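Report on one structure; see the data block that follows.
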């Protein structure tokens, strides 16, 4: 029997916010996944596939959440796991990953560096590389978020999704297609210092950022997946970016409203509704995918609030 790794998460109607904006705002609470983020949907599906193929060791490079999801899958299925994180991944998050029995290795200043090292380990240890975002199985697993929403609500005018490498976004696009949400506009969210999707959309070509300059480390891929860019162009997706301060403030407001602490990467998506941004002015019903994130402690959040207030 296949081990079930992700949970069906609740859909919240944001009463206060909806009244303030005179719109219908819904939160898909993927922050309620066992690992605190959506990542277990796609990463978990890929890990299950790897076990079925006979692999006995997972290796992944991650800023944190995909690594935590892989470690969780490894723990649930009894599979050895190695997670390579960059130096920007907080000790708090490294400890969470290690607590699930995974080996944590630190390499490089950004995810891209850690990823090169992770792939070199696979050759030495006869393991399988688990991609954090750029793989069809990952997208198919992530699409389950829209499958669930389709049973919980009528199709909204718009769905807002945070983009790092683009794996969640690709899953959303796949989910919209297979559930017939033809008229739902897709809006992607990033922070200014990690806006590889927005810049690719503006320049109509895939671009690689020189560096990641944002506290939203979960958005820290210098280049989005090719499939994400192609979906963005083909489906005329709207892309926006906010400052780190705006993303943090949205996290604060969301915490006050729902009692849930999420990472600034998720705050980028929440900013559209909490700051009533221009991208939502023409739509009435809005689904915000609350991607979550486990890499932020309350102490670090308070430190950030002090820095950015």
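None of the figures in this text is laboratory data; all of them are computed from the coordinates on show. Quantities reported herein were computed from a predicted structural model and do not represent experimental measurements. Ideal geometry is used to build each Cβ from the backbone, glycine not excepted, and the neighbour counts take in all protein chains shown.
When the chain is treated as a GNM with alpha-carbon contacts under 10 Å, the residue of 84, 283, 224 showing the greatest mean-square fluctuation is 283.
Here segment 75-117 is scanned for amide nitrogen atoms under 14 Å from the site 7 Å beyond the Cα of residue 205 along Cα-to-Cβ, giving none. State whether segment 247-296 is rounded, prolate or oblate according to the following rule on the C-alpha gyration tensor (a ≥ b ≥ c being the square roots of its eigenvalues): a/c under 1.5 gives rounded; otherwise a/b larger than b/c gives prolate, and the remaining case gives oblate. Prolate. Fewest-first ordering of 93, 201 by other beta carbons within 10 Å of each residue's beta carbon gives 201, 93.
Just 192, 210, 147 to compare: in a GNM of the chain, with alpha carbon springs under 10 Å, which one fluctuates most? In the Gaussian network model the winner is 210.
The order of 229, 27, going from fewest to most other C-beta atoms within 10 Å of their C-beta, is 229, 27.
Model label sites at residue 282 and residue 87, defined 7 Å from Cα along the beta-carbon direction, differ in position by 4.5 nm. Ordered by the count of other Cβ atoms within 10 Å of each Cβ, fewest first, 308, 26, 168 give 308, 26, 168.
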